[in-house]
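Engineer: Just dropping this structure here.
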Amino acid sequence: MILAALIVIPLLAAVAVAAGAPARLTSLAAAVLNAVLTVAALMAFKTGEVGYQLAATLFTVLPSPDLKLSVGVDGLSLVMVLLTALVSLGAALASPSTVARGSLRLYHASVLLITAGAMGAFVSTDLFFFYAFHELALIPTFLMIGLFGTGDRRTAAWKITIYLGLGSLILLAGLAALFLNLGGTTFDMAKLTVAAQTTPMAAGTQSWIFLTLLIGFGILISLFPFHSWAPQAYACAPTPVAMLHAGVLKKFGLYGLLKVALPLLPLGSQSAWVLNLLLFALLGNILWIGLVTIAQRELDLMLGHSSVMHMGYIFLGIASHHLIGLTGAVLLMFAHGLSIALLFFLNGVIRSAAGTTHFDRFGGLAKQAPRLGLMFGLATFASIGLPGLANFSGELLVFFGAFKNVAAGGTLWLPLATILALWGVVMSAVYGLRAYRSIFMGQPGANPATVPDLTTTGLLTALVFVIPLLLLGFFPNLLLDLVRPALAALHG
Amino acid sequence: MTALLPATILFLPLLAAAKILLLPKPMKGLAPAVSVGSVVLTLILSLVLWAKTGSDSTTVTLGSWINLGDMLQLNIGFKINALATGMMLVVTFIGTLVHLFSLAYMKDDDGKARYFAGLSLFMFSMTGIVLADNLAMMFIFWELVGVSSYLLIGHWFEKNSAAEAAKKAFLTNRIGDFGFMIGILMLWKATGSVTFDGIESAVRGMTVDPGWLTAAILCIFCGAVGKSAQLPLHVWLPDAMEGPTPVSALIHAATMVAAGVYMMIRVSFLLALPDAATAAHVIAWTGGLTALFAALCATQQNDIKKILAYSTLSQLGYMVMAVGLLAKEAAFFHLFTHAFFKALLFLGSGAIIYACHHEQDIWKMGGLARKLPRTTLTFLIGTAALIAVPFVTSGWYSKETILHAAHAHGGLLFYIGAGTAFLTAFYMTRLCVVAFLGTPRAHGADHAHEVPKIMLLPLVILAVPSVIGGFSFFAGRFLTLPPADHDHASHVPMIASLIALASGVSLGWLLYRGRDRDPVRISLLARKFFIDELYASLVSWGQDAVARIIHYVDILIIDGLGVRGLSGLAAVVGGGLRRLQGGNLQAYGFLFGCGVVVLLFIALSLH
């Protein structure tokens, strides 16, 4: 019942906020409660056991075809639940107690709905609810960008709505095709996996369905060239929404690829032409968007682009089709979720104080705001993949995995792609350190923007992200031990 | 041996750094004590480690860092042998003296706590490199020394020049590390291992494709090119002099920059393979050319720290050349002696700069021999070792072994080495004559006073190994000396060194004695062959211009066409609803509704 509570608590809190409960307090209480429950789930979870744990069926929608609201976690989904709990805690801490326009109740209720949707998507063991919960999280996301965003928020909201709406539809088509081709009798993901193994589809069918899913999920993940919605949306989004979407919701697509597309379509995901397309696309994420990120002069747009770029590494881990690379991809999903949420949080602190994030308006900020400087420095170091922070461990495994599998195919294309992707590590350092240099180091510009240092709450919010990033940087096995059995079971 | 002792040596400085970071504000004054305490302890423990190890070689594992079963095991483990313990003594000995020197040098600095935390972080990272038993762990600490170097170069981060220098150092090293990582992956793929012992036994037992091996070695070498500032990635080191001078002494002269050489010595079993001859050749030439190039640049610099920085580049070039000539003992011997006399010279320059009220231009000094007699004496001892005054200085012995190796190898590299020796004698004579003799040429030098004792003490201590560090009774205890082959050794290298020394010193003396301005003006050398300018334009016209173009293409084509196409589609889909309130949300709600309905419809129709 722990897992059901993870969905129900934010839902109830949203209703309570809408009904008049004190908004910030209620959402904070819900986030804390969810974090505690997640820890309880982690402790109840038995590492190394295959299959869903803490499983429960809450409600049967249809007996045949088998459609029910049921929850359960394996190591992979548990990691995503932990990510959601941490980011939503940070987002709740970062949510304001007053808003300049619109209703504070709506604001907090929306953040809670996003959390509930994300939790639901990761704990659902039923394909239908896996999809539906994600949709539930998207609607308040669009709403909040449109209502509470900054800058050209209407255009941004419109763009992300169309883009992700279309992505969801393509995804839906792919999932429907998958469902029908696997017998059309059940939405239960475990049973679907068995069906995929006992009565495998033809390789050609698999390839086409996989491609559909790849495009559908890909749009949600901002796979090149379907990325252009992301930077602007994040730049305009209110801080908690940018944190939750870039940190958690974007990982839904990757989770879907690992949990649904790869295991159910083993031949399709490894067919040469699909793999080649994916490699081109992910190199687009890393090299093309890497260069675009270097060209940015505003922090929020730079962060948005960098988050698009980093998806490339996770895709590389997936494309490696090797357990080392897949494990690295999951570690990187988790680490990136935390580091980008932290960066968007700090970006929000800077933007709300200075009214701008343009590099030219800042300089030497570490002097007046040392805590902010330290936290931003740690987040930047995490994001550019420095050892000691979790992102590095993930990237390293991705590179090992992708480089390894080359030998099997006898082609040098995957190692070559790995080497090209490695150049991205240099590009990340270029834009990351340039941003830090412009904002926090050097002399204040001619027209300096002032930013106060992090408050105690602000410091606490940052620590929600920094502590796990450091912990997993030093002890990545903590997470790998959870993930590896689950991935091994899914990907044989 | 258990992993306890090396693990303590490794993590003690990290604890010190963490402790300083977590000290509450009113107690930040304790930071120097914490940092100095940890470095003194690690020095003592390193001595114990060295005494216990002797000439044994052991590998101990502390624990698993990444455990993916039989697919991949990356451990935190230590390969402890004479090379590692000798290097640890160099690092902790000079580290201790630099910490002591910093107590005085950084006394009034606002960011003192941050500075000492950075030094401790550096000691942690450097220890990791030295003790690592595998390439992955070495890479981790390799990056971490880069971080501490970044933090310390940028210590005075409000200064634009310091901020730029820190960034440049990090980015240049990242380019080297890009190659290093590829090299690690290639070796792992070829041998299935990342540990030094595992790789060594694998390459002994089978043949790796020669092309693959050569590429792997050269990729690994890229890491050394970055860290040890060899051509063409040397540009960061002179700029790194923006950091506080004790940092220049410890990190950018004696230890971290030597890590590239150390790493290549750790993997020198690869270079000894018959198929690695080409790679070794490339490495030797990279070192030789760097030695010559940097010595040429040093002859026309005016900033005392810049002269010493180019001198460091040049000496590192000697070491790299020795590695490429398969004379790893000679390389480490020179690394060992150079660490002492170059740390001495840098700390000496720090004392001079401190005494001259932060003046770094040698042309604004003059007559310092009378004002700062003790500092001058120690500086001259360091200079004597650097220019290899025969028989009585450490530098003479170690440089001789490298020149012997180059001579035995034959070819042009020997002449490059001898020419560099001549240039070294010349530019150091220039520095000393201009700074110490004559009369003060500026206010700062005129009012210079001898530095406090706590700054003088490390200079005096360092002067001792700068003299005796090359004698076999001393050096032989800490490292494996190159095999002496007196019977067959040619006298050519020794004669060449003596000629180089005598002519270099004489030329410097004749040209610069009694001068108030530089009589030689060679802008190609003063501007360092315009390589910085070349790189700056490559970055702004290459990377940045391309980035801007791609940025616009991304907006115009991908975003423009993509979104325009999509909005057309959405206009059709959501057109009716849009009219209600011009709302995108309704359109989305419609799409979402469609999705759920379609899926339910499929499910129900099967029911």
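Readers should treat all values here as calculations from the given coordinates under stated rules, not as data from a laboratory. Computed from a predicted model, the values in this text were never measured in an experiment. All Cβ positions, glycine included, derive from the backbone under ideal geometry; neighbour counts span all protein chains shown.
Engineer: Using a simple spin-label model with points 7 Å from Cα along the Cα→Cβ vector, what separation in nm is obtained for B:Asn160 and B:Ile468?
Structural biologist: A separation of 5.1 nm, rounded to one decimal place.
Engineer: How high is the FRET efficiency between B:Leu47 and B:Asp544 when r is their beta carbon distance and R₀ equals 51 Å, given to the nearest 0.05?
Structural biologist: Efficiency, rounded to the nearest 0.05: 0.50.
Engineer: Take B:Asp516, project a point 7 Å from its Cα along the Cβ direction, then tell me which residues of region B:355-397 have their backbone nitrogen under 12 Å from it.
Structural biologist: none
Engineer: Given points 7 Å out from each Cα along the Cα-Cβ axis, report the A:Thr198 to A:Leu463 separation in nanometres with one decimal.
Structural biologist: Simple spin-label model gives 5.3 nm for this pair.
Engineer: Counting other beta carbons within 10 Å of each Cβ, put B:Val98, B:Val34, B:Val546 in order, fewest first.
Structural biologist: Fewest to most other Cβ atoms nearby, the residues stand as B:Val546, B:Val34, B:Val98.
Engineer: Select from chain B the helices, each a whole stretch of DSSP H, whose alpha-carbon atoms run 24 Å or more along the helix axis and whose Kyte-Doolittle mean is at least 1.6; answer none if there are none.
Structural biologist: TM-like helix candidates: B:4-22, B:31-53, B:82-105, B:135-153, B:412-436, B:492-512, B:584-606.
Engineer: Related question: Calculate, for A:Trp413 and A:Ala55, the FRET efficiency according to 1/(1 + (r/R0)^6) with r their C-beta to C-beta distance and R0 35 Å; round to the nearest 0.05.
Structural biologist: 0.30
Engineer: Continuing with this model, one more query. Could I get the Rg over Rh figure for region A:271-492? Both from C-alpha atoms, Rh via Kirkwood, rounded to two places.
Structural biologist: Using Cα coordinates only, the ratio equals 1.02.
Engineer: Here's another thing I want to ask about it. All other residues with a Cβ under 13 Å from the Cβ of B:Gly223 taken together, and with Lys, Arg as +1 and Asp, Glu as -1, what is their net charge?
Structural biologist: +1
Engineer: Assuming a ≥ b ≥ c are the square roots of the Cα gyration tensor eigenvalues, decide whether chain A counts as rounded (a/c under 1.5), prolate (otherwise, with a/b larger than b/c) or oblate.
Structural biologist: In terms of gyration-tensor shape, oblate.
Engineer: Pull up all non-local amide H partners of A:Val61: gap of 5 or more, or a different chain, and H-to-H distance under 5 Å with H placed in the peptide plane.
Structural biologist: A:Leu67, A:Lys68, A:Leu69
Engineer: Can you tell which of A:Gly48, A:Ala100, A:Gly445 lies farthest toward the positive end of the dipole of chain A, using +1 and -1 charges on the Cβ of basic and acidic side chains (Lys, Arg; Asp, Glu)?
Structural biologist: A:Gly445
Engineer: Give me the number: length gained by fully extending B:Leu23 to B:Asp197, i.e. 0.36 nm times residue separation minus the C-alpha to C-alpha distance, one decimal in nm.
Structural biologist: Going from the current span to full extension adds 58.5 nm.
Engineer: For a 18 Å ceiling on Cα separation, which of these pairs sit above it: A:Lys159/A:Lys250; B:Lys168/B:Lys227; A:Lys367/B:Lys168; B:Lys28/B:Lys453?
Structural biologist: A:Lys367/B:Lys168; B:Lys28/B:Lys453
Engineer: Given B:Leu403, B:Gly128, A:Ser228, which one lies farthest toward the positive end of the charge dipole of the protein assembly as shown, if we put +1 on the Cβ of every Lys and Arg and -1 on the Cβ of every Asp and Glu?
Structural biologist: A:Ser228
Engineer: Which length gain, in nm to one decimal place, applies between B:Lys107 and B:Thr61 when the Cα-Cα distance is subtracted from 0.36 nm times their residue separation?
Structural biologist: Stretched fully, the B:Lys107-B:Thr61 segment lengthens by 12.5 nm.
Engineer: Tell me which of A:Asn391, A:Pro415, A:Leu372 sits at the most positive position along the dipole axis of region A:337-492, charges placed on C-beta atoms (Lys, Arg +1; Asp, Glu -1).
Structural biologist: Working it through, the farthest residue towards the positive pole turns out to be A:Leu372.
Engineer: While we're looking at this one, here's another question. Using Cβ counts within 10 Å as a stand-in for footprinting exposure, how do B:Glu450, B:Glu533, B:Glu143 rank, fewest first?
Structural biologist: Result, fewest neighbours first: B:Glu533, B:Glu450, B:Glu143.
Engineer: Could you give the size of the charge dipole of chain A about its Cα centre, using +1 on the Cβ of each K and R and -1 on the Cβ of each D and E, expressed in debye and rounded to the nearest 20?
Structural biologist: 740
Engineer: Please work out how much length the chain gains when fully extended from A:Ser64 to A:Ala29, using 0.36 nm per residue of separation minus the C-alpha to C-alpha distance, in nm with one decimal.
Structural biologist: 8.7 nm is the gain from fully extending A:Ser64 to A:Ala29.
Engineer: Further, regarding this structure: Run the simple label-point estimate for B:Arg204 and A:Ser103 please: 7 Å along Cα→C-beta, distance reported in nm.
Structural biologist: Taking the two extended label points, one gets 7.7 nm.
Engineer: By count of other Cβ within 10 Å, fewest leading, how are A:Ile439, B:Ile531, B:Ile265 ordered?
Structural biologist: Lowest to highest Cβ neighbour count: B:Ile531, B:Ile265, A:Ile439.
Engineer: Whole Å is fine, so just give me how far the alpha carbon centre of region B:385-450 lies from that of region A:162-204.
Structural biologist: 74
Engineer: Under a point-charge model restricted to the Cβ atoms of Lys and Arg (+1) and Asp and Glu (-1), what is the dipole moment magnitude of chain B relative to its Cα centre, in debye to the nearest 20?
Structural biologist: 1180
Engineer: Nothing charged except the Cβ atoms of Lys and Arg (+1) and of Asp and Glu (-1): what's the magnitude of the dipole of the protein assembly as shown about its Cα centre? Round to the nearest 20 debye.
Structural biologist: That gives a dipole near 1860 debye.
Engineer: Filter the chymotrypsin sites (Phe, Trp or Tyr not before Pro) in region B:350-415 to those in DSSP coil with at most 14 other Cβ atoms within 10 Å of their Cβ, and list the result.
Structural biologist: Listed in order of number, the matching sites are B:Phe391.
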